[in-house]
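Heads up: the structure comes next, in structure tokens.
The values are calculated or read from the model by the stated rules, or taken from the named source; none is laboratory data. Computed from a predicted model, the values in this text were never measured in an experiment. A quick note on method: Cβ atoms are made from the backbone with ideal geometry, for glycine too, and the neighbour counts reach across all protein chains shown.
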Amino acid sequence: MNTMRTAPTTGPAMPVLPAASAPLQLLCSRFDAPPDTVWQRLVAGPFIAEYLGARLPRHDAPLRSGQALQGADAQGRALRLTVTEASAPCSLSLRLEGADGAQALRLCIEPCAQGSRLTVLHEPVEGPDHDEAGGDAIARLLRAPLPAVLAADRIASAEGLQRARAYLADSAAAVAQLLAAMAPRQGYRKPAADRFSLVEQLWHLADVEEFGWARRWPRVLQEERPRLPGVDGDRLARERRYQQRPWRAAARRFIAQRRRSLAALARLDAAMLERRLLFSGRAADAGTLLAAMLAHDHEHRLEMAALWTAERGRDEP
């Protein structure tokens with residue numbers, strides 16, 4: 001289920017960055033191009049200026065960590081942009097300082113079936129020493145970017161396989177931390193009518209893990225060219241009425257099912273990433289399947305980070 005707003009695939013047609021007093025925002029756009037191409041559009045040329053609705057100095061050379069640009073916002077007020085992290089071709093983090101305050105902006109690129117998905121996360125920050133996760137360990141873990149070796153159409157190396165297992169294990173660790181930190185009646189606020197609440201996110205992850213990933217990897221290990229069906233997340237969300245259900249069982253089930261997936265992945269080696277299969281009716285291999293699993297985790301981790309950040313500090317409903 002796509003729970004983020006999606007912009008057109010032609011050009012950087014996304015909303016102008018809100019004022020620093022606005023709540024955390026999470027946006028998504030899809031492009032008919034591979035991650036390397038989208039990355040070049042982000043770090044060279046006018047993409048960032050057009051996205052912000054700002055005037056910035058021309059920079060044909062790619063943006064790099066530590067680089068600062070002085071410009072003006074849409075109202076002509078002074079704007080300073082600092083690159084805090086640039087990890088090609090998957091993650092670009094910026095700090096924006098202007099008349100309305102400071103904001104943190106993170107752009108993440110992930111491969112998808114149609115090309116690439118660009119996720120943009122931005123929020124106000126309190127000052128120069130305030131970190132993007134608001135000082136919260138759960139949000140920091142959820143927002144951790146995909147390592148560059150994992151930002152590809154397929155995982156193809158022993159290093160990539162090792163880093164993938166660690167990232168997937170961190171997803172379970174983050175949910176375990178949510179289980180310990182969140183009250184039973186928290187997490188039901190929906191950011192919009194067509195967007196998942198944090199509770200719905202947890203149920204979605206639990207069902208996709210049990211009916212999808214935890215069943216797929218043993219079959220990849222045991223079968224010749226297995227036919228692996230997709231999981232209809234929209235149908236499950238409707239039929240299983242996620243928003244009306246207690247969430248703690250979902251969190252525990254996701255953790256348990258992710259352990260099953262990781263146990264199977266522990267038996268996978270780099271050579272096995274070449275194993276052929278059919279995934280949702282399309283020819284693929286185990287490396288491509290693993291990249292799809294990582295992209296799904298990353299997308300929902302970013303959404304959960306935004307929801308958890310908004311939830312923190314609120315009284316239990």
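Summary of values
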{"item": "Hits in segment 255-277 (condition: within 14 Å of Arg165 (Cα to Cα), surrounded by 15 or more Cβ atoms within 10 Å (Cβ to Cβ) and more than 24 Å from the chain's Cα centre (by Cα))", "result": "Leu268, Ala270"}
{"item": "Some residue of segment 196-214 being modelled with pLDDT under 95, part of a loop (DSSP other than H, G, I, E, B) and assigned by TED's automatic domain parsing to the domain that holds Met272", "result": "yes"}
{"item": "Meets criteria (buried (at least 18 other Cβ atoms within 10 Å of the Cβ), touching a Ser or Thr at 6+ places or on another chain (Cβ under 8 Å), closer than 20 Å to Ala291 by Cβ and modelled with pLDDT under 85) for Pro12", "result": "no"}
{"item": "Residue list for segment 272-299, filter: over 16 Å from Pro111 (Cβ atoms) and touching a helix residue (DSSP H, G or I) at 6+ places or on another chain (Cβ under 9 Å)", "result": "Met272, Glu274, Arg275, Arg276, Leu277"}
{"item": "Residues (assigned to a strand (DSSP E or B) and closer than 17 Å to Leu105 by Cα) located in segment 73-90", "result": "Leu79, Arg80, Leu81, Thr82, Val83, Thr84, Glu85, Ala86, Ser87"}
{"item": "Output for segment 128-172, where each listed residue is at pLDDT below 85 and either more than 22 Å from Ala270 (Cβ to Cβ) or in the same structural domain as Glu299 (by TED's automatic domain parsing) (or both)", "result": "Pro128, Asp129, His130, Asp131, Glu132, Ala133, Gly134, Gly135, Asp136, Pro145"}
{"item": "Among the candidates Leu63, Leu26, Leu17, Leu42, residue that is in a strand (DSSP E or B) and either surrounded by 15 or more Cβ atoms within 10 Å (Cβ to Cβ) or modelled with pLDDT under 85 (or both)", "result": "Leu26"}
{"item": "Qualifying residue in segment 172-181 (condition: in contact (Cβ under 8 Å) with a residue 40 or more places away in the chain and under 25 Å from Ser157 (Cα atoms))", "result": "yes"}
{"item": "Criterion (outside any helix (DSSP H, G or I), surrounded by fewer than 20 Cβ atoms within 10 Å (Cβ to Cβ) and touching a Lys or Arg at 6+ places or on another chain (Cβ under 8 Å)) met by exactly one of Ala310, Ala283", "result": "Ala283"}
{"item": "Test: residue in segment 231-248 that is surrounded by 13 or more Cβ atoms within 10 Å (Cβ to Cβ), part of a helix (DSSP H, G or I) and charged (D, E, K, R)", "result": "yes"}
{"item": "Filter pass, Glu223 being buried (at least 21 other Cβ atoms within 10 Å of the Cβ) and charged (D, E, K, R)", "result": "no"}
